[in-house]
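Take a look at the structure set out below.
The values are calculated or read from the model by the stated rules, or taken from the named source; none is laboratory data. For clarity, every value in this text was computed on a predicted model and none was experimentally measured. We place every Cβ from the backbone using ideal geometry, glycine too, and count neighbours over all the protein chains shown.
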Amino acid sequence: MAKLGKDFIAIRDLPKAHLNYLLSQAKHFKTFFSRPNKQSPALRGKTIANIFFEPSTRTRSAFEMAGKMLGAGIMNLQMSATSINKGETIIDTVKNLHALGVDVLVVRHHIAGVPKMIADHIPIPVCNAGDGYNEHPTQGLLDIFTMLEHCKSLKDKHVTIVGDIKHSRVARSNIYGLTMLGAKVTVCGPPSLIPMGIESLGVKIETNLKKAITKADFINVLRIQIERQQSGHFPSLREYNEVFGITSHSLAYAPPHTIVMHPGPINRGVELSSEVIDSDRNVILDQVTNGIAVRMAVLFYLLTGAEA
C-alpha cells in the first residue's frame, strides 16, 4: 500500500488508487450528514488555515465546515489585511503560519502554481483550493463523487463539459479525473473558449451543443466569467445563451436520464435557464453538500498519514 503524498495540488498528479481512496472516504464522511451529532474528533487538536487570495464563498465555506465537522480549529485569513500588503512575501507569510503551529494550509490564488510553490517551501501539507487556470482539484473530486452517486462506475459514461473551457480550472480537474476513471469526455463551447491542444487530454471537441449532449449521461455546465466578456470571446451573453445555454429546449436533445451539474455560482439565464435550475434534472445543491464530504476526505487524507 502506497502512502498518500504530503500535499494535494492537482488531480493530474494523483495515482488512480489515491483518487479512488478519496472518493471512498468522501462516501464515508457523507454519512455524517444524517447523524444527530455531525462532528467527529478525527482532527481534534489540528489547526487549518484557509488562505484565499481571491473571493470565494462556496469553496472557503465548504473547507471551513469540513474542518469543523472533523473537530479541527479554523483560521480564515483575510489576505488584504495581512503583512503581504506591507511588503512581506507569500513564502515568509506561510512560514510564519507554520511557526504559529498551523497544521495544514488551504490555498486559493489567481496565479497558477502558487499552491505548489508554497508546498515546496514548508513542511506542512498544502491543499490547492484553486489556482489560476491550472486546477481546482477538490471541485473536480466533488463533481466526480456526485456523478458516482448516480452510477456504480464512470467507465464508458458520457460526460459533456459546456462553457468556458479555456479559462476553467474546474474543467481541467474534471477532465483529469474523469478520463482516469474511464469516462468519455466531450468539451463544448464557442471556438474562442476551447483551448488549443485540449484533445491531447483525451477529450472530444464539439462546438454544436445539440450534438455534444446527444449521448450525455452528465452535463457539467461551467460559469461564464462575465468579467471576461469584455475580451470579446463571444458576441453577447444573450447570444451565448441562445447557442450554448442549457434550457428546456436544448435539454430535449439529451437522453431523458441526463443529469445537469454546475459548480456555481450560476448566472441565471446565461449558462442555465431558471426552468432547468429549478427542475429535478439538476444536482447542483447535492454538489454543494458533497463539497463538504469531499473536503473532509481531503483534510483527513492530508493530516492522518493515511494509506491507499
Q: List every residue pair whose Cβ atoms sit under 6 Å apart, with the two residues 6 or more apart in sequence or on different chains, where the first one lies in region 143-163 and is within 18 Å of Val203 (Cα to Cα) and modelled with pLDDT of 95 or more and the second, anywhere, is outside any helix (DSSP H, G or I) and among the hydroxyl-bearing types (Ser, Thr, Tyr).
A: Thr160/Thr186
Q.
Looking at (1) of a type in the set (Gly, Ala, Ser); (2) modelled with pLDDT of 95 or more; (3) over 21 Å from Glu135 (Cα atoms), which one does Gly269 not meet, given that it meets all the others?
A. (2)
Q) For the subset of region 244-275 comprising residues that are out of contact with any Leu (no Cβ under 8 Å at 6 or more places or on another chain) and assigned to a helix (DSSP H, G or I), which member is surrounded by the most Cβ atoms within 10 Å (Cβ to Cβ)? A) Leu251
Q: Output the number of the condition that Asn128 fails; it satisfies all remaining conditions of (1) without any contact (Cβ under 8 Å) to a residue 24 or more places away in the chain; (2) in contact with a Pro (Cβ under 6 Å, 6 or more places away or on another chain).
A: (1)
Q) Which of the residues that make up region 168-180 are touching a residue at least 60 places away in the same chain (Cβ under 8 Å) and either assigned by TED's automatic domain parsing to the domain that holds His110 or surrounded by fewer than 19 Cβ atoms within 10 Å (Cβ to Cβ) (or both)? A) Met180
Q.
Just to be sure I understand, how many residues within region 261-296 are in contact with a Ser or Thr (Cβ under 9 Å, 6 or more places away or on another chain) and over 25 Å from Pro55 (Cβ atoms)?
A. 5
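Okay, residues lined up against (1) in the same structural domain as Val270 (by TED's automatic domain parsing); (2) surrounded by fewer than 23 Cβ atoms within 10 Å (Cβ to Cβ); (3) acidic (Asp, Glu):
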| residue | (1), (2), (3) |
| --- | --- |
| Ser61 | no, yes, no |
| Ile111 | no, yes, no |
| Pro123 | no, yes, no |
| Leu142 | no, no, no |
| Lys155 | yes, yes, no |
| Thr160 | yes, no, no |
